[in-house]
């Protein structure tokens, strides 16, 4: 065994294991969480300083120590068994290290993406246990065990997070006058266009609760955001009344990092500091840590056990994206567009007063907010920032969870560039459809909030503000527009957001086209309450006699200026209506080609059989109990094109369930659901064509029967204009 002396379990083994754990596990996580805006991960988890320290101690100390002690324990019973498990541990750690390199460098080996790193890990283990120089080299690297966590804790964003004192009790000071309650809801990534019908009013069939709110509020439908990013400016502008540049200039450290976490250390002046002495504060924050805590109230957030469970689970998912190679990562939950609750099996525990059929972290946050809505008979400030309807798109119209298929989504689609940013029009339209359907669920949650406000006797006499931090654009230029014109269309989608302000005792709606920016929200609240703002905001109250003479300004991502009307032609609204119609629910599922055939039996068409083979994911879908599993909202698959019978893009495809056509779509040259999954954590990469014809179609959940469902796929041939449509069928891959 001298040849493999490195397998002897000694005190040096602890150093080797700790070093490899640092290099392969903890340091990559530390590096990612201090890069760019990723420190928001801790803010989103409502973490306290103790949570971060426990996270570091667990990753850098406890993990290698537990592994080492387990090996020592095995060694007491059988040295041979101890050596075998020690070799296995070394192989796993070396393999993880190699996987990090492969995934980081985007090394593609096809079906060998996992086999090659494992083989290299085995070779590295053999070298280590047989070569003294390899053991010596790893010993020298052991300095990383100390340096890595120290670098993490000394990083500016982490240091600022740790230095932020926990909010203390605050004392209410009587203002000497009766003040109304303030209810403020900020939705995330909600373009105004999504809510509108052809008359630029809220579509009261698709979004009845937004329409209900508009009927009792001042609706400022000419409101624009100041930034495309929540953290970098959109949310701070709402909460401070400052443009992003002013906000950063007035932060205590005058930080230049636009992605610094939104916490009291960076933002001491906000709506919370304005109201904390006059109103009791009940806040559900998802991207900030600003609200004070009054120990007499149930506003302390989740306990340490729940925080650490959520933090650990989500850190594991992030690590999975760092090391799992392309082709093996399809089952890892998406992390795009969210900062917590990646784990599909983790459902945050929330109070049980309200009957709640919805799963997932964001609906749970709304539930928590609803349960805080009680008439305290003294002024209260109720605040909710909900990350809906922001991607990932994983909710159906009634809140059923389904697998997110549009992983291609990212914040870069909010950028105003004057060029198409989507891979193709089909992907853009599928994403738009998913957004509008998830917005239906968001509307349903808003309805629950409005119902609770009414039941608690809060709605009538409260000041209620509902808005969104920013929008996004799904517009695809098919007409070859000039870049300047396309930029206006993209900007109108990203910049225009809903703003509803219901004054105390207001019982009728007013639509205003006054030019408003989100920096005007805080001054408006202060004006209505007759409170003095301790700083000079950039915005003004929306109820001043005259709107300020100013251009619209936003970072999208570069600073852009626009006049009163960004896109006077309302091009994006017209495109939405062209695709999905208005004031009906079926139209959300009828955006595909030849949609008039949806609902017809396959047997009613003449049909021929293709020589190509079709592969359908889950071809015999059987619905499960909806409170225990995800529903199937898409039919996805591909058919071979070895005879070059079809165009890989824009072939018209019909999906039938149990013999009835339920959706149509256009084909794409790559699997739409895989777009984005091949990206690195901090970027994107394009997928290569494989020659097959791929399809993805959204299916109304009412299409499924409770028993096994037979899915068939057909190519639509002929022209609906002369009523000569026929279908081309396929045999299914075994």
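The values are calculated or read from the model by the stated rules, or taken from the named source; none is laboratory data. Note that the coordinates shown come from a computational prediction; the quantities given were computed from them, not determined experimentally. We place every Cβ from the backbone using ideal geometry, glycine too, and count neighbours over all the protein chains shown.
Considering the range 674-704, and only residues there that are assigned to a loop (DSSP other than H, G, I, E, B) and modelled with pLDDT of 90 or more, the residue that is farthest from the chain's Cα centre (by Cα) turns out to be 704. Has the range 219-228 got at least one residue that is touching a strand residue (DSSP E or B) at 6+ places or on another chain (Cβ under 6 Å), at pLDDT below 90 and assigned to a strand (DSSP E or B)? Looking through the range 219-228, none of the residues is touching a strand residue (DSSP E or B) at 6+ places or on another chain (Cβ under 6 Å), at pLDDT below 90 and assigned to a strand (DSSP E or B). Annotation note: of 446, 387, the sole residue that is outside the structural domain of residue 636 (by TED's automatic domain parsing), part of a strand (DSSP E or B) and within 26 Å of residue 633 (Cβ to Cβ) is 387.
For the range 370-383, the count of residues that are in contact with a helix residue (DSSP H, G or I) (Cβ under 8 Å, 6 or more places away or on another chain), assigned to a loop (DSSP other than H, G, I, E, B) and within 16 Å of residue 182 (Cβ to Cβ) is at least one. Out of curiosity, is residue 250 surrounded by fewer than 19 Cβ atoms within 10 Å (Cβ to Cβ) and in contact (Cβ under 8 Å) with a residue 60 or more places away in the chain? Judged against the criteria, residue 250 is a match. Among the residues of the range 489-526, those that are surrounded by fewer than 16 Cβ atoms within 10 Å (Cβ to Cβ) and within 32 Å of the chain's Cα centre (by Cα) comprise 511, 513. When we screen 378, 403 for residues that are surrounded by fewer than 17 Cβ atoms within 10 Å (Cβ to Cβ) and touching a residue at least 40 places away in the same chain (Cβ under 8 Å), the only hit is 378. None of 650, 641, 669 is modelled with pLDDT under 95, farther than 21 Å from residue 434 by Cβ, more than 25 Å from the chain's Cα centre (by Cα) and not assigned by TED's automatic domain parsing to the domain that holds residue 202 except 641.
This table checks each residue for (1) crowded, with 20+ Cβ neighbours inside 10 Å; (2) in the same structural domain as residue 238 (by TED's automatic domain parsing); (3) touching a strand residue (DSSP E or B) at 6+ places or on another chain (Cβ under 7 Å); (4) at pLDDT below 90.
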site: 528; (1), (2), (3), (4): no, yes, yes, no
site: 535; (1), (2), (3), (4): no, yes, no, no
site: 538; (1), (2), (3), (4): yes, yes, no, no
site: 544; (1), (2), (3), (4): no, yes, no, no
site: 553; (1), (2), (3), (4): yes, yes, yes, yes
site: 556; (1), (2), (3), (4): yes, yes, no, yes
site: 561; (1), (2), (3), (4): no, yes, yes, yes
site: 570; (1), (2), (3), (4): no, yes, no, no
site: 573; (1), (2), (3), (4): yes, yes, yes, no
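Of 373, 384, which residue is modelled with pLDDT of 90 or more, within 17 Å of residue 291 (Cβ to Cβ) and within 20 Å of the chain's Cα centre (by Cα)? Every option except 384 fails the conditions.
When you check residue 292 against the structure, is it touching a strand residue (DSSP E or B) at 6+ places or on another chain (Cβ under 8 Å), assigned by TED's automatic domain parsing to the domain that holds residue 473, surrounded by fewer than 23 Cβ atoms within 10 Å (Cβ to Cβ) and touching a residue at least 60 places away in the same chain (Cβ under 8 Å), yes or no? When the stated conditions are applied, residue 292 passes them. Taken together, the residues in the range 467-488 that are part of a helix (DSSP H, G or I) and either surrounded by 20 or more Cβ atoms within 10 Å (Cβ to Cβ) or not assigned by TED's automatic domain parsing to the domain that holds residue 421 (or both) amount to 3. Taken together, the criteria place residue 117 among residues that are buried (at least 17 other Cβ atoms within 10 Å of the Cβ), at pLDDT below 90 and over 26 Å from residue 40 (Cα atoms). With respect to residue 585, is the statement that it is surrounded by fewer than 17 Cβ atoms within 10 Å (Cβ to Cβ) and within 27 Å of the chain's Cα centre (by Cα) true? It is true that residue 585 is surrounded by fewer than 17 Cβ atoms within 10 Å (Cβ to Cβ) and within 27 Å of the chain's Cα centre (by Cα). Evaluating residue 28 against the criteria (1) under 22 Å from residue 288 (Cβ atoms); (2) modelled with pLDDT of 80 or more leaves one unmet condition, (1). Does the range 502-525 include one or more residues that are free of Cβ contacts under 8 Å to residues at least 24 places away in the same chain and assigned to a loop (DSSP other than H, G, I, E, B)? No, that holds for no residue.
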